[in-house]
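Peer 1: My questions all concern the structure below.
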Amino acid sequence: MERAKIKGIIEAILFASGRVVTLDELVLSLEVDKKEISEIIEEMIKEGKEESRGIEIVCVNKGYTISSKREYHEYIYNIIDKRAKPNLSQAALEVLAIIAYNPRITRAEIDNIRGVGSDASLYRLLEHNLIEEAGKLDLPGKPMSYKTTENFLKKFGLNTLEDLPELPKYRVDENRQIVIDDLLEEQDVQENKLKQNGIEELDNSTKDKSTAELQEDIAKEESIEEGE
């Protein structure tokens, strides 16, 4: 099968499905080697970025989907959705971040981290399909756990949760305040640099003195000590 035709079929499948399609599904449909399909899709992704097209192929959780480009979203909302753009509150964003970094977390655990109830935020995130139920845990009361969705990855331009920014290292001090270890490490590095620079400056100033001058300095110190 010609490469150009394979590209057309892949684009048609992704458009018609309206969901994330796995590589195995494409292999089954096209009856083409998995490696070849992967290479073709990478070509299509590259071509979509270079050309002034309104859509692009997005890799989401080891699958692929077609999406409108982010820079055109403001124009799309004016046509297909007359509702207000979905805005998440600060509380909802906090809950979303907690779930993203802690898959299969319960509501009680989220509340414990935040110190306040999170029912309204969970409901809103479920409504926008950014999180979903991940099953009940084998704990007292069988609490429901939550995880992020493929829609979350798509909205935030992530392939997997491993692409999330790394959180800074932290610890809780004796006053139960969060202390960022990364900042402390950086501060220690800066202090060590200052100390090292001071030592180097002292060494350099000593090197600049002749032997006679150093002997004179020692003699002065000894005479001061004898006077005392």
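The values are calculated or read from the model by the stated rules, or taken from the named source; none is laboratory data. Here the structure is a predicted model, which is why all the values come from computation and not from measurement. A quick note on method: Cβ atoms are made from the backbone with ideal geometry, for glycine too, and the neighbour counts reach across all protein chains shown.
Peer 1: So M44 clears everything in (1) buried (at least 16 other Cβ atoms within 10 Å of the Cβ); (2) aliphatic (A, V, I, L, M); (3) more than 27 Å from E162 (Cβ to Cβ) except one condition, right? Which one?
Peer 2: So the condition that M44 fails would be (3).
Peer 1: Being modelled with pLDDT of 90 or more and either outside the structural domain of E132 (by TED's automatic domain parsing) or in a helix (DSSP H, G or I) (or both) is the requirement here; does I79 meet it? Write out each step before concluding.
Peer 2: On the way: modelled with pLDDT of 90 or more: no; either outside the structural domain of E132 (by TED's automatic domain parsing) or in a helix (DSSP H, G or I) (or both): yes.
For I79, the condition - modelled with pLDDT of 90 or more and either outside the structural domain of E132 (by TED's automatic domain parsing) or in a helix (DSSP H, G or I) (or both) - is not met.
Peer 1: Report yes if I110 is outside the structural domain of M144 (by TED's automatic domain parsing) and among the β-branched types (V, I, T), otherwise no.
Peer 2: It is false that I110 is outside the structural domain of M144 (by TED's automatic domain parsing) and among the β-branched types (V, I, T).
Peer 1: Of all residues in the stretch 11-63, which are β-branched (V, I, T) and farther than 23 Å from K155 by Cα?
Peer 2: Hits for the stretch 11-63 are V27, V32, I37, I40.
Peer 1: Suppose we filter E50, E94, E36, E74 for residues that are of a type outside the set (S, T, Y) and surrounded by 15 or more Cβ atoms within 10 Å (Cβ to Cβ); which single one remains?
Peer 2: Within the list E50, E94, E36, E74, the selection yields E94.
Peer 1: If you check K49, K34, K69, K5, which single one turns out to be farther than 22 Å from T160 by Cα and without any contact (Cβ under 8 Å) to a residue 60 or more places away in the chain?
Peer 2: Sole residue among the options that is farther than 22 Å from T160 by Cα and without any contact (Cβ under 8 Å) to a residue 60 or more places away in the chain: K5.
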